[in-house]
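Just below is one structure, and these are the notes that go with it.
Taken together, the values in this text are just the output of simple stated rules run on the coordinates, not laboratory data. The structure displayed is predicted, hence computed values, not measured ones. Backbone-built Cβ (ideal geometry, glycine too); neighbour counts: all protein chains shown.
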Amino acid sequence: MKLKAKNIIYQSATWIKGHWILSIIIVIGLLLASYYLYQRTLSEEEELTFIHPQRENLIKTLDVSGLVDADEKARLRFVVGGKVVYVGAQEGDVVKKWQTIATIDQATLNKQLQQDLNNYMKERWDWEETRDDIEYRTLDTTERRSVDKEQWDLENQVLNVEIRDIAIKNTVLSAPFDGVLTVSPTAVAGVQLLASDYFEIVNPESLQFIAEVDEADIAMVKPGQEATITLDAYPDQEYNTYVDYVAYTSSQSTSGTVFRVKLPLNHLGGIELFRLGMNGDISIFLDERIDVITVPIIATKTRDGKILVDVKQPDGSTTEKEIQVGLETDEKYEVLGGITEADEVLLPE
């Protein structure tokens with residue numbers, strides 16, 4: 001018997017020696033199979049996680065992004081460029097309604113106006129002479145056309161005078177409301193401005209946070225709802241406000257059709273704190289339930305229009321139960337029926 005065993009061992013060793021590469025592959029395969037079976041055994045032995053439904057206050061919010069802006073904001077430009085001869089306010093100054101912000105040179109325009117007035121008087125006298133000449137006789141077609149042309153020349157001169165007068169008036173920029181001068185292209189006189197240069201005035205009492213709400217959510221948003229604002233510039237600070245206005249007309253954004261929602265900021269701080277263009281996020285409080293039973297949405301599943309949960313049984317197995325839900329947030333359901341706080345609900349890994 002011992003001799004037979006020795007022969008088997010000798011033959012096996014000889015075979016392995018002659019087929020050593022194949023032997024290594026077989027050993028590696030056996031090791032991998034053993035590891036797989038070991039991991040499967042551990043997985044089967046893992047305990048399932050169960051939670052009890054919780055009783056708590058449930059708040060539903062709508063979170064959207066937006067930025068700081070103002071309802072009363074004006075950009076003032078000169079109709080044509082010109083040399084600045086007077087600057088009435090510096091950037092950052094508080095200005096009053098009708099206060100002069102800046103004036104450009106009127107000398108050239110005044111001379112042009114005088115020239116236009118002279119041309120008007122010349123055309124007027126020519127027209128008077130023509131009218132006296134034709135007052136008591138009948139005109140042929142050629143004469144009638146000539147008279148009409150003189151009438152049009154006179155009217156054009158009137159228009160030139162009016163246009164020049166408008167240009168002179170537009171050499172003065174005045175504040176249309178009380179506010180702060182937030183942008184100024186120059187702080188001194190003597191600078192040549194282009195028609196594209198502008199002064200900007202903002203009324204700090206009209207500061208608003210403006211957000212764009214998707215059309216799928218706009219029906220839930222109503223004036224008077226409370227909200228909190230967090231600005232990127234002050235990430236650790238929340239500001240309490242409310243929905244003041246919901247737009248009646250939609251607009252388009254990169255995400256699709258949206259509606260503008262305005263939330264006032266003037267009661268929270270001035271333009272030094274809330275600067276135009278600051279980005280941030282708002283949470284609008286849509287609904288709230290006090291002292292209700294809740295379950296995480298991830299612990300539920302939907303089938304045939306029913307919301308189901310897996311509930312632990314006394315023997316350790318689970319059974320499906322349908323639950324009735326009320327308020328839904330991004331993470332939880334309000335449970336109206338189907339389970340109690342005493343039940344244990346399976347929480348998927």
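Shape of the stretch 147-204 from the C-alpha gyration tensor: prolate (a/c of 1.5 or more and a/b above b/c, with a ≥ b ≥ c the square roots of its eigenvalues). Note on the chain: GNM, Cα springs under 10 Å; of Leu193, Leu263, Leu181, the largest mean-square fluctuation is that of Leu193. Please label the shape of the chain as rounded, prolate or oblate, based on the square roots a ≥ b ≥ c of the eigenvalues of the alpha-carbon gyration tensor (a/c under 1.5 means rounded; beyond that, a/b larger than b/c means prolate, else oblate). Since a/c reaches 1.5 and a/b is larger than b/c, the shape of the chain is classed as prolate. Sorted largest first, the principal axis extents computed over the alpha-carbon atoms of the stretch 186-230 equal 55, 22, 18 Å.
Taking the longest Cα principal axis of the chain as reference, the axis of helix 20-45 is set at about 80 degrees. For the residues Arg144, Arg289, Arg55, a GNM of the chain with alpha-carbon springs under 10 Å puts the largest fluctuation on Arg144.
Packing, taken as the mean count of other beta carbons within 10 Å per residue, orders the peptides 66-73, 232-239 from highest to lowest as 66-73, 232-239.
Oblate is the label for the stretch 71-222. Its Cα gyration tensor axes, ordered a ≥ b ≥ c, give a/c of at least 1.5 and b/c at or above a/b. Spatial offset of the stretch 46-115 relative to the stretch 274-349 amounts to 43 Å, using the alpha carbon center of each. In the elastic network of the chain, a GNM with C-alpha springs shorter than 10 Å, the most mobile of Lys97, Lys332, Lys149 is Lys149.
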